[in-house]
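Just below is one structure, and these are the notes that go with it.
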Amino acid sequence: MLQTVKISSKGQITLPIAIVKSLGLKRGDRLVVESKEGGTILMHQALTILNEISGSIPLPHRFRNKSLTEIRNIATYEYFKKKHK
């Protein structure tokens, strides 16, 4: 499906509703935007990319048996602990 979008004064674009519906996107979904050579821009659903790579990267032992929320909280805590030493 080919659609044209316009960049706003804030550098934002609005996805055409036909594309949103065809991809099953909903408010709050995250997209990964990638620029390629020749001016091509690719967008991927963030969750799709995570599903593709999940299992291909070994999980450190300290994160095993923890939820994604717990892992994110630990990472956030460690980041700010290092930053504010």
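The values are calculated or read from the model by the stated rules, or taken from the named source; none is laboratory data. Being a predicted model, the structure only gives us computed values, none of them experimental. Virtual Cβ from ideal backbone geometry, glycine too; neighbours counted across all protein chains shown.
Run Lys21 past the list (1) at pLDDT 90 or above; (2) over 30 Å from Gly11 (Cα atoms) and report the number of the one that doesn't hold.
Lys21 satisfies all of (1) at pLDDT 90 or above; (2) over 30 Å from Gly11 (Cα atoms) except (2).
Can you tell me which of Ile41, Ile71 is surrounded by 10 or more Cβ atoms within 10 Å (Cβ to Cβ) and β-branched (Val, Ile, Thr)?
Ile71
Considering each of Ser35, Ser8 in turn, give the residue that is under 18 Å from the mean Cα position of the chain (by Cα) and surrounded by fewer than 10 Cβ atoms within 10 Å (Cβ to Cβ).
After applying the criteria, what remains is Ser35.
Determine the pairs where a residue that is farther than 12 Å from Ala46 by Cβ and among the aromatic types (Phe, Trp, Tyr), located within the stretch 10-35, has a partner that is part of a loop (DSSP other than H, G, I, E, B) and at pLDDT 90 or above with Cβ atoms under 6 Å apart, the partner being 6 or more residues away or on another chain.
That search, which allows pairs on different chains as well, returns nothing.
Name the residues in the stretch 47-85 that are among the acidic types (Asp, Glu), modelled with pLDDT of 85 or more and under 25 Å from Asp29 (Cα atoms), would you?
Of everything in the stretch 47-85, just one residue is among the acidic types (Asp, Glu), modelled with pLDDT of 85 or more and under 25 Å from Asp29 (Cα atoms), namely Glu70.
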